[in-house]
Amino acid sequence: MKMLIVEDEAGIRESISDYLRREGYICEEAADYRTADEKVELYAYDLIILDITLPDGNGLDVLRNLKKRRPETGVLIVSAKNALDDKITGLDLGADDYLTKPFHLPELNARVKALLRRRISQGNPTIVFEEIEVDPMNNVIQVNGSPVELSKKEYDLLLYFITNKNRVLTKAAIAEHLWGDYMDLADNFDLVYSHVKNLRKKIVQSGGQDYIRTVYGMGYKFTGQ
Amino acid sequence: MKLLEINNRIFFRFTGLLLLIGAALFYWAVNRIIRREIDEKLLVNQQRTVQLLEQGRAVPQFAPIVEVRMMTGGAYRPGGYRDTLIYDPVEKENEPYRQLVAQVEVSGQSYEITNRTSLVESEDLLLAIGICTLGLALLLFIGLIWLNRRSAQRLWQPFHRQLEALRQFSLARSETLGIDPSGIDEFDELRDALQQLTDKVQADYRSLKAFTENASHELQTPLAIIRSRIESLIECDPPEEQMHALGTIYEAVNRLSRLNRSLLLLTKIENRQFGETVQVSFDEVIREQVDMLAELTESENLRIDLESAGSLNADANRSLVEILVKNLLENAVRYSRPGDRIVVRSGPDFLMFSNPGTAPLEQPDQLFQRFHKISGHNASLGLGLAIVKEICGVYGWAVAYEFSGGMHAFRVRLGG
């Protein structure tokens, strides 16, 4: 899977590529509009992570050129501008998703995976982790072949864990993923903790293994090892 | 006291004094002139009487106007001019007279000649003059008051216009003061000074706003880098001690990011950068936000009751309304205890969020200030209510805190 990361801030660009490389993707980088446009012209990518505000041009123009040339490429727009206009224009131009800066890397990862899932594995999009099977089309979870009843948030949490397996998920990243704007409040009430506890209980009760490991002072890690 | 009144008071005191002195001088002068005329007339009459005596003709006796007496001893009247009172049998009272007495010798015979003239007429004349003067003064007074008032109204018009313009002036709106020149030097000077002042204040305000906006924007990227770097770092399975330190840094960065985001939002609202206005149904927004909170409130055993006394709709930006409702709702939830009942009441022109409490909050007027925190709640950024107030400011709504019936309540009033 080949990706192009268009982002002018070196620190952010490198963090993204590092994170995604460890997921097994091939990542190329472009720091400005000119490079991005050139690369899009020359090579084919499965996915482009595109920052809209570039020092020498607008990321939306890269998107326009790309969609003329290779409309099958997935595009995830990343922007510091929380402007609704950009979001709408971007999605109108054929972008698949939109993420506002600053974002958590696991969040980006989850979006990337969801996007690729939608675009590529159209036939059978089931996600499997050991004995756990997730069917994101129908929001159904099976452990050892038998369905498990999860609340909406617990389901989202499990999916988030599996997409970011073997990664540390901080409480803040989980709170933001699950509660969005109400993450502060969720943090206040320690909701992440109680949801993780419930999810653990339900998986174990259904005969699954407890894959959720607590990372002291940070959050959790979903891992088979 | 009005300037005009003070001015009038000074003016009237001074004119009154001047008029009094003037009247006294006038009386004195007129009196003197009349006296002199009378004395002259008496002297002429005396000379005529002497002439008659010298010609040996009979002198007509007409008391008390002319009296001629041969002097054969007895009491003499003192010579010269004198004022005297003489009983008038017709009027039956004493009348004032001016008299001139002279002792003359005509053909070896001594005579005492007394000439008199009544002063009643001259007194009447003086009275008439006095009344006329007073009337004139009064007329002058009234006329001057009227003129003063009329011209003051006209003259002060530019001042009142300036005052009104200043009252209408708002820092947030970027329009200039815009007062037309009046053609009166003093007011034009004031106008120029005001214009300079407001222009400068506005420029300062703009640059301060730009600074906040730029600072928040510039902070965003480094914050994002720090955060993503920490997220990469914790993947490397550092020892527990370092992980703990990283956790602390991470939490602080997250807090900073949230703070920065809220500040950016505030500046955005201040700069009116939320253009799109649509008809927003508050009831819909409230339901959505309450639904989003449902799981959260369930776990805390909180109840949120929606009470609607008529649907609430307004032309506004939908995301701003969402933020307003979210912040007020969040506020009510944050300060509730498990088992509490939160009430969201709405009507055609108001919106109210209440949650139970024991005592009214202290310093209610500071609740809406930026970074105001209630002691013991350090988790909040202290910007939520400031954002609520700012949003209300955009649409001319009013938000206020009240405490009644054991409930903290935040009420938003829409429209008049």
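The values are calculated or read from the model by the stated rules, or taken from the named source; none is laboratory data. Not measured: the values here are computed from a predicted model. A quick note on method: Cβ atoms are made from the backbone with ideal geometry, for glycine too, and the neighbour counts reach across all protein chains shown. Only protein heavy atoms, including side chains, enter the accessible area calculation; ligands, DNA and RNA are left aside. Shrake-Rupley method; radii C 1.70, N 1.55, O 1.52, S 1.80 Å.
Determine which member of the set B:Phe274, B:Phe282 is at pLDDT below 90 and over 15 Å from A:Tyr182 (Cβ atoms).
The unique qualifying residue is B:Phe274.
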### Message
Restricting to the stretch A:1-48, and then to whatever is facing chain B (nearest Cβ under 10 Å), of a type in the set (Asp, Glu) and part of a helix (DSSP H, G or I), can you tell me which residue is nearest to B:Ile226 (Cα to Cα)?
### Response
A:Glu14
### Query
Just checking, which of A:Leu158, A:Leu191, A:Leu185 is more than 24 Å from A:Gly208 (Cα to Cα), open to solvent by less than 20 Å² (accessible area, probe 1.4 Å) and not acidic (Asp, Glu)?
A:Leu185
### B:Ser346 being farther than 18 Å from B:Glu300 by Cα and of a type in the set (Gly, Ala, Ser)
yes
## Note on the structure
Checked the stretch B:357-416 for anything open to solvent by less than 20 Å² (accessible area, probe 1.4 Å) and among the hydroxyl-bearing types (Ser, Thr, Tyr); matches are B:Ser380
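Quickly run through the stretch B:108-139 and pick out the residues that are in contact (Cβ under 8 Å) with a residue 40 or more places away in the chain and loosely packed, with under 13 Cβ neighbours inside 10 Å.
B:Leu134 - this is the single residue of the stretch B:108-139 that is in contact (Cβ under 8 Å) with a residue 40 or more places away in the chain and loosely packed, with under 13 Cβ neighbours inside 10 Å.
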### Message
Can you name every one of the helices (runs of 4 or more DSSP H) wholly within the stretch A:148-217 that holds 1 or more residues which are farther than 24 Å from B:Glu288 by Cα and more than 8 Å from every other protein chain (Cβ to nearest Cβ)?
### Response
A:152-163, A:171-179, A:191-205
### Task
Only residues that are facing chain A (nearest Cβ under 8 Å) and outside any helix (DSSP H, G or I): list them for the stretch B:244-276, please.
B:Glu276
### Single match in B:Glu213, B:Glu241, B:Glu175 (criterion: open to solvent by 90 Å² or more (accessible area, probe 1.4 Å) and within 14 Å of chain A (Cβ to nearest Cβ))
B:Glu241
### Query
Checking B:Ala23 against (1) at pLDDT 85 or above; (2) open to solvent by less than 80 Å² (accessible area, probe 1.4 Å); (3) under 30 Å from B:Thr133 (Cα atoms), which single condition isn't satisfied?
(1)
### Query
Within the stretch B:47-92, how many residues turn out to be open to solvent by 100 Å² or more (accessible area, probe 1.4 Å) and not in a strand (DSSP E or B)?
12
### Condition check for A:Gly59: out of contact with any helix residue (DSSP H, G or I) (no Cβ under 6 Å at 6 or more places or on another chain), in the same structural domain as A:Lys39 (by TED's automatic domain parsing) and open to solvent by less than 60 Å² (accessible area, probe 1.4 Å)
yes
### Query
Got a sec? Which of A:Ile120, A:Ile141 is open to solvent by 60 Å² or more (accessible area, probe 1.4 Å) and away from chain B (no Cβ under 14 Å)?
A:Ile120
## Note on the structure
Scanning the stretch B:26-46 for residues that are within 25 Å of B:Thr133 (Cβ to Cβ) and open to solvent by less than 90 Å² (accessible area, probe 1.4 Å) gives B:Ala29, B:Val30, B:Asn31, B:Ile34, B:Arg35, B:Ile38, B:Asp39
